[in-house]
1. I want to confirm something. Restricting to region 30-44 and keeping residues that are assigned to a helix (DSSP H, G or I) and open to solvent by less than 40 Å² (accessible area, probe 1.4 Å), which single residue is farthest from Pro149 (Cα to Cα)?
2. Among residues belonging to region 45-93 that are charged (D, E, K, R) and assigned to a loop (DSSP other than H, G, I, E, B), point out the one that is nearest to Arg131 (Cα to Cα).
3. It is to be established whether one or more residues within region 94-102 are closer than 23 Å to Cys83 by Cβ, of a type in the set (Gly, Ala, Ser), in contact (Cβ under 8 Å) with a residue 60 or more places away in the chain and not in a loop (DSSP other than H, G, I, E, B).
4. Looking only at region 275-301, count every residue that is open to solvent by less than 20 Å² (accessible area, probe 1.4 Å), in contact with a helix residue (DSSP H, G or I) (Cβ under 6 Å, 6 or more places away or on another chain) and not in a loop (DSSP other than H, G, I, E, B) and tell me the total.
5. For the condition of a type in the set (Phe, Trp, Tyr) and at pLDDT below 95, what is the one hit in Phe82, Phe60?
6. May I ask you to list the residues in region 144-190 that are on the phi > 0 side of the Ramachandran plot and either modelled with pLDDT under 95 or β-branched (Val, Ile, Thr) (or both)?
7. Determine the pairs where a residue that is more than 19 Å from Ile107 (Cα to Cα), located within region 289-300, has a partner that is assigned to a helix (DSSP H, G or I) and aromatic (Phe, Trp, Tyr) with Cβ atoms under 7 Å apart, the partner being 6 or more residues away or on another chain.
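The values are calculated or read from the model by the stated rules, or taken from the named source; none is laboratory data. Note that the coordinates shown come from a computational prediction; the quantities given were computed from them, not determined experimentally. Positions of Cβ are generated from backbone atoms using ideal geometry, with glycine treated the same way; all protein chains shown enter the neighbour counts. Quick note on the areas: whole protein, heavy atoms, side chains included, nothing else; ligands and nucleic acids left out. Shrake-Rupley method; radii C 1.70, N 1.55, O 1.52, S 1.80 Å.
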Amino acid sequence: MSGRNPPTKESALHLLRKQNHLEIIEGDVSKNNFELDMMNYLRLAETVDEVFHCAAATKFDDDISDVHTRTNVFGAELIALFCITGKLKRLHYISTAYVAGRRRETILENELEKKQLFNNNYERSKYIAERTISMFARHYQIPYTIYRPSIITGDATTGYTKNYDNIYVFGKGLSHLKNYEMRDRRKGNDRTNSGNENHFLSLKVPGDKYGTVNLIPVDYAARSIVTISRNEESLNKTFHIVNPSPPTLGELAEWMRIATGVHHVKLIPMHEFQAQQHTLQEKLLFHWTKAFQPYMFGEPSFDSTGTRNLLRGTGIECPLITQELVNRFLQYAIDTNWGNQGQTAANIHFDDRNVINSDNTLHSINQ
C-alpha cells in the first residue's frame with residue numbers, strides 16, 4: 001500500500017474561497033427553490049449567467065427508485081425552472097450515454113427517443129430528465145447543451161476519485177477475496193482449496209469477454225465538457241463524452257486480475273454460469289456485483305462525431321485504458337479504503353450461505 005497522501009477536493013475549494021473566486025451555497029436540487037430562502041434563491045436567479053447541472057442519484061439499485069425520481073427527474077425540472085427565473089440562463093446538463101438503455105446498435109448524439117428499454121431505474125430516470133430538459137429548453141428558448149458521459153473512472157494522472165461504483169465494485173470484491181484468502185492461509189485453514197493451491201481464486205464470472213465497457217477518466221470528462229461549453233457551436237446540441245476505443249470486458253477482467261492479485265478470472269456466458277456449481281467465492285462476487293450484471297454483456301457503440309469535431313486541435317483526447325491506468329485507479333481506491341478513509345479496512349468471513357462484514361451485518365448469498 002502506498003504511503004502517499006491523495007489530493008483532496010477540500011484543499012482546492014479552500015484556496016478558491018480564500019481568493020474570493022468561489023461561493024459555496026448548500027442546497028437540495030430536489031426541493032423547491034433548492035431549499036434556499038427566497039431572498040437567496042432570487043439573488044442567484046438574477047445574478048447567475050450559466051448553470052452546470054451535474055447533480056444526480058447514480059446508484060443502480062432499483063429499491064431507491066424514489067431517490068432517482070426526486071433527484072434526477074424532479075431535480076432536472078427545478079433546474080430548468082431556475083433557468084427562466086429572473087434572467088434567462090445558459091444551461092449545461094450532464095446526462096449519461098446510457099440513456100440508450102438496452103439498445104445495441106450505433107447511438108447517434110442527436111438521438112434519444114427510440115422506444116428503448118432500460119437496465120435499471122437510473123437509466124430510465126436520466127432518460128426522462130434529458131427529455132424533460134430538451135423539451136423545456138426548446139419551449140422557453142433556453143440556450144442549452146447536453147453532455148452524455150459514459151462510465152467515469154478516476155483521474156488518469158493521480159487516480160483520484162470520489163465515486164467508488166462501476167469497476168471499483170469489482171475491484172473491491174476481488175481485493176476482499178484475495179485478502180481473505182491470504183489471512184485464511186496464514187491461519188493454516190485451506191478448506192476452500194481442496195488440494196489445489198490455485199483453486200481458491202480461480203473465479204468464473206458471467207459476462208461476454210468480447211463485449212466492450214466504455215470507461216473514461218474523470219479529468220478527460222471534465223476538460224471535454226468545459227471546452228465544449230465555451231464553443232458557440234455547442235448551443236442546443238448533445239455530445240457523447242465517451243471513449244472512442246473502449247476496452248473489452250475480457251481485457252478489463254485480465255487487468256483487474258493482475259491489479260488485485262487474483263489467480264484467474266474467466267468470463268463465461270450466463271447460461272453456462274447458471275448451469276454450473278459455484279464456489280463460495282463466485283457466489284460472493286456475484287452477490288456484490290449483481291446490480292452491474294447488465295453491463296457485463298456488452299453495450300452499444302456511441303458515435304461521438306460532434307464531440308471530436310469541437311475538440312479537434314485542443315489536444316484533449318481520451319487516454320487508452322491500460323493495465324497501468326487500472327493499477328492506478330485501484331491503488332488509489334485501496335489507499336483510501338474504497339472511500340472509507342480513516343476507517344479500518346473491512347474484514348469478512350463467511351459460511352456456506354452468508355457473508356458477514358466487520359460491522360456484523362449479514363448478507364445472504366443464496367441465489
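1. Once the filter is applied, the top-ranked residue is Asn40.
2. Out of the qualifying residues, it is Lys89.
3. no
4. Residues that pass the stated criteria total 2.
5. Phe60
6. Asn166, Gly188, listed by residue number.
7. Qualifying pairs under 7 Å: Thr289/Phe170.
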